[in-house]
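The values are calculated or read from the model by the stated rules, or taken from the named source; none is laboratory data. Computed from a predicted structure; not experimentally measured. A quick note on method: Cβ atoms are made from the backbone with ideal geometry, for glycine too, and the neighbour counts reach across all protein chains shown. Only protein heavy atoms, including side chains, enter the accessible area calculation; ligands, DNA and RNA are left aside. Shrake-Rupley method; radii C 1.70, N 1.55, O 1.52, S 1.80 Å.
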Amino acid sequence: IHREYAPTLKSVATAGQPRFEYDPSTDGQSIAKGILIESQATNILPNGATGYNPSNSFSWGTVNGNRVQNAAIAPTGLLEATHFYEDSTATSQQRIDVAVNVSAAVHTFSGYFKSAGRDNVIVRVANGGNTYGAQYTFSTETAANYGTAFSSLSISGAGNGWYRFTATTPTLTAGSTTIYINLSNGSLNYDGDGYSGVLFYGLQFEANSFASSLIATSGGAATRASESLSVA
């Protein structure tokens, strides 16, 4: 998957097709970034593309919220983004979460998000007694550590109101790790209003010191093979 001469993400149709990338922060087509060539990477998050597995059930746990599959246009230009919105529970977290097994390595979370009433999203990674946290704010296009600091954070425009959030951890302890995505009004615990939320697509967690291009998963983990470029 890459960003072609268009304001949307595109899947490579055939093996060996070059991925010509353009900068989405402008109009998605004026500034060429060149050919994207990447090393091997694996997205270990299950059903990361939309949060749903092929049988149409949600694979991530949900706390004090609701979600709707295929609720909006994703960064792909297709109707496949998931809407997650809070319920009206008082003084509580409104979140989705999933547990995965990790290796003893640096990992990077990434995902595409768009505001649907909430201006803040908090991403947390709980591992080995540490919970790394980051708060992202749509209106100011900023990312800041929330609690135990990640090694690095970023928020970048992806067109049509979408942003890609990234958060890189220090070296994790091998074993079970939980990823939390919280709605926020500036804090983790607050009174839900019953309708505010976010849209999301393309959640990813990889053993990498940076976020590589999206590796969509439908079911279990998925791997993108190492790439190379040759010219006859």
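Summary of values
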{"quantity": "Complete set of residues in region 74-115 that are under 10 Å from F200 (Cα atoms) and either among the aliphatic types (A, V, I, L, M) or more than 18 Å from the chain's Cα centre (by Cα) (or both)", "calculated": "A74, A81"}
{"quantity": "Selection from region 172-200 of residues that are among the aromatic types (F, W, Y) and buried (at least 22 other Cβ atoms within 10 Å of the Cβ)", "calculated": "F200"}
{"quantity": "Residues within region 89-104 that are part of a loop (DSSP other than H, G, I, E, B) and open to solvent by 30 Å² or more (accessible area, probe 1.4 Å), tallied", "calculated": "6"}
{"quantity": "When residues of region 124-145 are limited to those that are of a type in the set (G, A, S), closer than 17 Å to R164 by Cβ and touching a strand residue (DSSP E or B) at 6+ places or on another chain (Cβ under 6 Å), the one surrounded by the most Cβ atoms within 10 Å (Cβ to Cβ)", "calculated": "A134"}
{"quantity": "Residue ID - nearest to G175 (Cα to Cα), chosen from residues in region 113-123 that are open to solvent by 10 Å² or more (accessible area, probe 1.4 Å) and in a strand (DSSP E or B)", "calculated": "N120"}
{"quantity": "Filtered residues of region 157-169 (kept if of a type outside the set (F, W, Y) and crowded, with 16+ Cβ neighbours inside 10 Å)", "calculated": "A158, G159, R164, T166, A167, T168, T169"}
{"quantity": "Total residues in region 193-232, condition over 20 Å from the mean Cα position of the chain (by Cα), more than 23 Å from N182 (Cα to Cα) and not aliphatic (A, V, I, L, M)", "calculated": "4"}
{"quantity": "Odd one out for Q69 among (1) at pLDDT 85 or above; (2) open to solvent by less than 40 Å² (accessible area, probe 1.4 Å); (3) farther than 20 Å from F165 by Cβ", "calculated": "(2)"}
